[in-house]
Amino acid sequence: MAGNSIGQIFRLITFGESHGKAIGGIIDGCPAGLELDLDLIQKDLDRRKPGQSNLTTERKESDQVQWLSGIFEGQTLGTPIAFSIPNQDQKSKDYSKLKNVFRPSHADFVFQEKYGIRDHRGGGRSSARETASRVVAGGVAKQLLATAGVQIRAFVTAIGQTEVSLNDDAFGQPENELRCPDESASEIMRQDILNAKEEGDTLGGVITCVVKNCPIGLGEPVFDKLHADLAKAMMSINATRGFEIGSGFDSIRMKGSEHNDTFRNEEGQIKTATNNSGGIQGGISNGMPIEFKVAFKPVASIKSKQETVDVDGIQTSVKIEGRHDPCVVPRAVPIVEAMAAITLADHYLRNRMSRI
């Protein structure tokens, strides 16, 4: 199976299945001498882990990362950083009835057709459980970028029909269980998720990510545009269905005279008066905050009976049991941050090599 890695210099390859013994990864290309706060990485894993509230799946995982190589006395060695996260609370029997049927809107059918075999226990490799490994690598990438002053933070800005806008104060606000900066909207979102859970249904939403203090010059102008690589990174996350940067789809309702980001000199620093470009022009970061949104669909595992077919193509029905999130969006916030960090760290290191 190809496609298990991301990055050119700062490179991550992940391994493992949802109901296997462990998941994990190898980070290659991280420079030597980076002092790591491993507790910060564990905190990001805690933000992603299941079972953290009544808004998430009941699966209980400690998600304690085990560092296997590449770190000595709190610093990176410049060698591959290997890590694993044990799976501790698998209930594979919950999936025994799904062995010979294809769940609607899951990867079951395409996996079976492509590989001729699949792990039906929780989706196997296609499970969002794999994203915990990305959060670990993203934690390392965040700390690498922090040496250049880069800050990354994501927020829930929509769940179902409830949507909010970010203001300048959002970046510094404390985090709640919804990861939404608007407390009144958070309560509405929370109740909507609980209602959907009670009905055996699910909700989707939007995560907005902001990157501050990104250096000018990250990204390449043709096939490796920074926003294109960010889009690929975000769309590789389970359940994503949309990506837009800066003004995004709203730009179609604007004239060029309204949309253009004019330049100005602010005390010797060239900035733009507006940021419709979302911090990236010509595929290259321009020093303004990078802002983008990621849309997540409703979780496909619902408790209602649904029509499907079995492995022999016979029409049947399926009712999905097991433990699933009624809304994955709050838990996806650290994943979005991690994938942004991995992408930016890779381009940051590549940019170091672009000039003598």
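FYI, it's all coordinate maths here, none of it is from the lab. Because the structure is a prediction, the values reported are computed rather than measured. Here the Cβ positions follow ideal geometry from the backbone for every residue, glycine too, while neighbour counts run over all protein chains shown.
Assign unit charges at the C-beta atoms only (+1 for Lys and Arg, -1 for Asp and Glu), then state the dipole size of the stretch 21-174 relative to its Cα centre in Debye, rounded to the nearest 20. Each step should come with its number before you reach the end.
Values: 20 positive and 19 negative charges, 189 e Å.
Around 900 debye, computed over the stretch 21-174.
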Can you show me the helix-derived [θ] at 222 nm for the chain, built from DSSP H runs with n ≥ 4 at -39,500 (n - 2.57) apiece and divided by the number of residues, rounded to the nearest 500.
-8000 deg cm²/dmol
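Work out which helices of the chain, taken as complete DSSP H runs, extend at least 27 Å along their axis over the Cα atoms and score a mean Kyte-Doolittle of -0.5 or more, then list them.
Counting only whole DSSP H runs, the qualifying helices are 329-352.
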Checking the stretch 214-310 for trypsin sites (Lys or Arg not before Pro) in a loop per DSSP with at most 11 other beta-carbon atoms within 10 Å yields 255, 305
Cβ charges +1 (Lys, Arg) and -1 (Asp, Glu), total dipole of the chain, debye
900
Percent relative contact order of the chain, based on C-alpha pairs within less than 8 angstrom and at least six residues apart?
22
Can you find, among 68, 178, 136, the residue farthest towards the positive end of the dipole of the chain? Put +1 on the C-beta of Lys and Arg, -1 on that of Asp and Glu.
68
Among 342, 324, 259, whose Cα lies farthest out toward the positive end of the dipole of the stretch 5-352, if unit charges sit on the beta carbon of Lys, Arg (+1) and Asp, Glu (-1)?
324
Go through the stretch 52-158 and name the GluC sites (Glu not before Pro) that are in a DSSP coil and have 16 or fewer other Cβ atoms within 10 Å of their Cβ.
58, 73
What Kirkwood hydrodynamic radius do you get for the stretch 5-352 when you take the inverse of the mean 1/r over all pairs of distinct Cα atoms, in Å?
21.3
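Do any GluC sites (Glu not before Pro) in the stretch 237-304 lie in a loop, going by DSSP, with at most 15 other beta-carbon atoms within 10 Å of their beta carbon, and if so which?
267
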Can you give me the distance in nm between label points at residue 72 and residue 260, each placed 7 Å from the Cα along the Cα-to-Cβ direction?
5.7
